[in-house]
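Notes follow once the structure below has been shown.
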Amino acid sequence: MRAAQGLPELLAPCGSPEVLEAALRTGCTAVYLGGMSFSARASAANFTRQQLSEAVRLCHERGVRVYQTINTVITDRELPACIDEVRYACSVGVDGLITQDLALLAIVRECCPELEIHASTQMTLHTKEGFLLAKELGFSRAVASRELPERILRELCALPIECEVFVHGALCMSVSGQCYMSALIGSRSANRGRCAQACRLPVSCGKGGGESYALSLKDMSHIPHLRALEDMGVASLKIEGRMKRPEYVAAAVNAVRSELTGSEYDRSLLEGVFSRSGFTDGYFTGVTGKTMFGHRRREDVEAASGAIPALHELYRHEYKRSRVRVSVTIKPGEAVRAAMTDENGLRAEAFGNEPQQAVNRAADSDYLIKQFSKLGDTIYELDELDCEPGAGLTVPAGELSALRRELCGQLDRLRYDCFTRRPEFTERDFALAPPKRSPRRSLRLYIRDTEQLSALSLDDIGLVYADMGTAKALLEKGFDAGRLCAVMPRFTFDEGRDIQRLSELKDSGLEHIECTNYAHIRIGRGLGLRLHGGFGLNVTNSLALRELKGLGLEDCVVSFELKASEIAALGAELSFGILGYGRLPMMLTVNCPIRAQVGCAGCVSAVSDRTKRRLPVKCSREQGYVEILNSDTLCIPDKLSDFPTADYVKLDLFDETPQQAAGIVSAFSRGEALPGTGLTKGLYYRGVK
């Protein structure tokens, strides 16, 4: 059940049954949708279980594939419900699941290995090694990060795993899976499907930046580049928009399908239904900067209102998906027999009454073609008709209409049965190790420059973390290589260069790396290094910890979106740590808002939101990304007893002086509160939705 004529899959978003109807009627070849739980678009209407079953029927009758998004991070208490969700997906014949959580991967592998599973864009897979790890884990497809230029997409499409690419829709400022802004501001986690879109509000860059929307990008549209994407071998062209109206999805599906087939479409209609000051293809073409930014204006809203009537016409009629052959036999004294066969060889047969003697006109081939061409609001259209008309015999048009409807109904059911596979679901006992109190909690310290170590004793520090450039400087100064952990870049456009630099560090004695992205697991294993997981892996449950242990990790920092009580309840599947100090990252973005708005020469290393909070911007220019940090600093030296199962506490320094660094380490060593303002306990006590 693949896209027709060898074209890439045209994957449509469906946030409700109404949107599903619009997507099907405009010619999509696959849909993705969410149930009432574990959907990264929790605010969409989504699908009840009954609606999900009906959605599978409607899609499979049309030869359209159905992917269910179970793509939020999962907590331990949610694991039983998640298992039940997968069980139900198998029972109704969902074609595949989309996920970011390794727990779901384990559930599918153990319970229903025949069920297809795709790696969500929230896994931040954007390099060769990341895609290859996804293949190794059992994913059949990986969704590429939206920030990638054409040259990297071509490399990914050449790998032995399907590549899915977003081609139209809203564009987040942050790399998917690495945005914590909504969670830190209002406890609404993007990784839990509750993003409040704080980035769409006014944000200024200061020093000439004025009041602007410095974190709001235009919607992306790669529709002009579909031929290039098809040529490079993209498996699936994905439209974003599970929160959008039926008209939006219909317009986008129509535009993508038309571009692929060389048909005309109204681009102004597509832009009119929804845009933020127009569209951008900046990441694909590599032309980033101010032209990529935009926000929803009054004229955009007015244009959308005017486009609605014309958009309804796009899905007023059923999209014709199947050219059928019809055969009719009319013999005297026998029941009229009719059969309909589709392109898959599926054949329906029906019988009517005996024919009548013709009074005016006999039922010849022209008459029968006319009657069986009236396929109306069905997915079928007549390709050819074979007939054996009896001389002087006829069949009333009403009887032929009844036969036609019966044949279509039978063929619908045959197609549903043909395209529906229900993977066997085997119950498994995912017995997890109980929580284990850590006998001795260590401190680990991330530094931005070597001077931050100058005023403190390392007696209380287990590992020192540093990016590869700082790690190299430390090794050149004779720092103990066995106590140094190189932090891999959270995003990269040159993975080969990163691997080469890491290899050189290993030759200098480096033993440890922090894997901030799944790709680093495969890279580190290949170099024989000791692996430690970073917060960017978004680990929120014990089963994911077990999976990481199986991949060779020694330990991992768990998600700072978990409450302290949830962390304390994690099973002892793998040693883990927590972030105890530092400016938590709100966003990871490869489109620097400061550079775009005022230029690097006017950089003040921060942006300000509408409440005048100053959000520091941490620049990694060499890697091509920046991190927007929280205005307050996480600091919990006096709360460590609430994390009895954590094996280590990681302290992330930013712009602290050597003396401040020494005071921070001392406070955590003694378990005493640090004085000062601008400190926060993060999400450990208020949690996220």
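Here, each number is a calculation from the coordinates, and none is a lab measurement. No experiment lies behind these values; they were computed from the predicted model shown. Every residue, glycine among them, receives a Cβ derived from its backbone with ideal geometry; neighbour counts consider all protein chains shown.
Taking label positions 7 Å along the Cα-Cβ direction at both residue 351 and residue 383, the computed distance is 2.7 nm, reported to one decimal.
Based on the Cβ-Cβ distance from residue 422 to residue 370, what FRET efficiency comes out when R0 is 51 Å, to the nearest 0.05?
Calculated value: 0.80.
Neighbour counts of C-beta atoms inside 10 Å place 266, 101, 412 in the sequence 266, 412, 101, starting with the fewest.
For residue 473 and residue 298, the difference between the fully extended length at 0.36 nm per residue and the C-alpha to C-alpha distance is 57.7 nm.
Taken about its Cα centre, the range 322-419 carries a charge dipole of roughly 140 debye when the Cβ of each Lys and Arg holds +1 and the Cβ of each Asp and Glu holds -1.
Karplus-based coupling profile of the range 133-140, in residue order and whole Hz: 5, 4, 4, 4, 6, x, 6, 8, with θ = phi - 60° in 6.51 cos²θ - 1.76 cosθ + 1.60 and x standing for Gly or Pro. Building the convex hull from the alpha-carbon atoms of the range 322-419 and averaging its projection over directions returns 5.7 nm². For the chain, a simple Cβ point-charge model (Lys and Arg +1, Asp and Glu -1, everything else neutral) yields a dipole of about 1540 debye relative to the Cα centre. Reducing the range 410-473 and the range 543-613 to their Cα centroids gives an inter-centroid distance of 12 Å. The angle between the Cα long axis of helix 79-92 and the main principal axis of the chain comes to about 20°, on a 0 to 90 degree scale. Legend: calculated FRET efficiency, residue 227 to residue 320, from the Cβ-Cβ distance at R0 = 22 Å, rounded to 0.05, equals 0.40. For the range 468-480, backbone phi angles converted through the Karplus equation (6.51, -1.76, 1.60; θ = phi - 60°) give residue-by-residue couplings of 5, x, 5, 4, 4, 5, 5, 5, 5, 8, x, 4, 4 Hz, Gly and Pro being listed as x. The residue list 17, 471, 130 was ranked by how far each Cα lies along the charge dipole of the chain toward its positive end, using unit charges on Cβ atoms, and 471 comes out on top. Legend: ranking of residues 590, 558 from fewest to most surrounding C-beta atoms inside 10 Å; resulting order 590, 558.
Candidate values (i) 40.7; (ii) 32.3; (iii) 37.6 were compared with mean projected area of the Cα convex hull in nm² computed on the shown model; the agreeing label is (ii). Which of the three applies to the range 514-603, rounded, prolate or oblate, going by the alpha-carbon gyration tensor with a ≥ b ≥ c and a/c under 1.5 meaning rounded? Because a/c hits 1.5 or more and a/b fails to exceed b/c, the range 514-603 counts as oblate. When you filter the chymotrypsin sites (Phe, Trp or Tyr not before Pro) in the range 565-637 for DSSP loop state and at most 14 other Cβ atoms inside 10 Å of their Cβ, nothing is left. The P(r) of the range 545-689 has a tail past 25 Å containing 39 percent of all C-alpha pairs.
Proximity of backbone amide H atoms, modeled 1.01 Å from N, is registered between residue 467 and 487 at under 5 Å, excluding neighbours fewer than 5 places apart on the same chain. Computed from the Cβ-Cβ distance with R0 of 45 Å, the FRET efficiency linking residue 530 to residue 268 stands at 0.20. Taking the Cβ of residue 625 as the centre, find all other residues whose Cβ is under 10 Å away and add up their charges (Lys, Arg: +1; Asp, Glu: -1). Summing Lys/Arg as +1 and Asp/Glu as -1 gives 0. Per residue, the chain reaches -9000 deg cm²/dmol at 222 nm when only DSSP H runs of four or more residues are counted, each adding -39500 (n - 2.57). Since only 393, 339, 326 are under comparison, the one whose Cα sits farthest along the positive direction of the charge dipole of the range 322-419, derived from C-beta charges on Lys, Arg, Asp and Glu, is 393. Between the residues 527, 570, 587, the greatest Cα displacement towards the positive end of the dipole of the range 499-595, with unit charges on the Cβ of Lys, Arg, Asp and Glu, is found for 587. For the peptides 77-85, 635-643, the ranking by mean Cβ contacts within 10 Å, running from highest to lowest, is 635-643, 77-85.
Can you compute the modelled spin-label distance between residue 507 and residue 433, with each label point 7 Å from Cα toward Cβ, in nm? Placing both labels 7 Å along Cα→Cβ, they lie 3.7 nm apart. Here the alpha carbons of the range 146-291 define both size measures, Rg and Dmax, at 16.5, 49 Å.
If Lys and Arg each add +1 and Asp and Glu each add -1, what is the summed charge of the other residues whose beta carbon sits under 12 Å from the beta carbon of residue 255? So the surrounding residues net to -2. Remark: the Cα gyration tensor places the range 280-351 in the oblate category, a/c being 1.5 or greater and a/b not exceeding b/c.
Rounded to the nearest Hz, the phi-derived 3J(HN,Hα) couplings of the range 262-279 under the Karplus curve 6.51 cos²θ - 1.76 cosθ + 1.60 (θ = phi - 60°) are x, 9, 7, 8, 8, 5, 5, 5, 5, 6, x, 5, 5, 7, 10, 6, x, 10, where x marks glycine and proline.
Between the amide H of residue 555 and those of 533, distances stay under 5 Å, these residues lying 5 or more places away or on another chain, with hydrogens modeled in the peptide plane. Taking max minus min of the alpha-carbon positions on each principal axis, the range 462-504 gives extents of 30, 18, 13 Å, largest first.
Residue order for 317, 60, 532, fewest other beta carbons within 10 angstrom first, comes to 317, 60, 532. The GluC sites (Glu not before Pro) of the range 213-290 that meet both conditions, a loop assignment by DSSP and at most 10 other Cβ atoms within 10 Å of the site Cβ, are 264.
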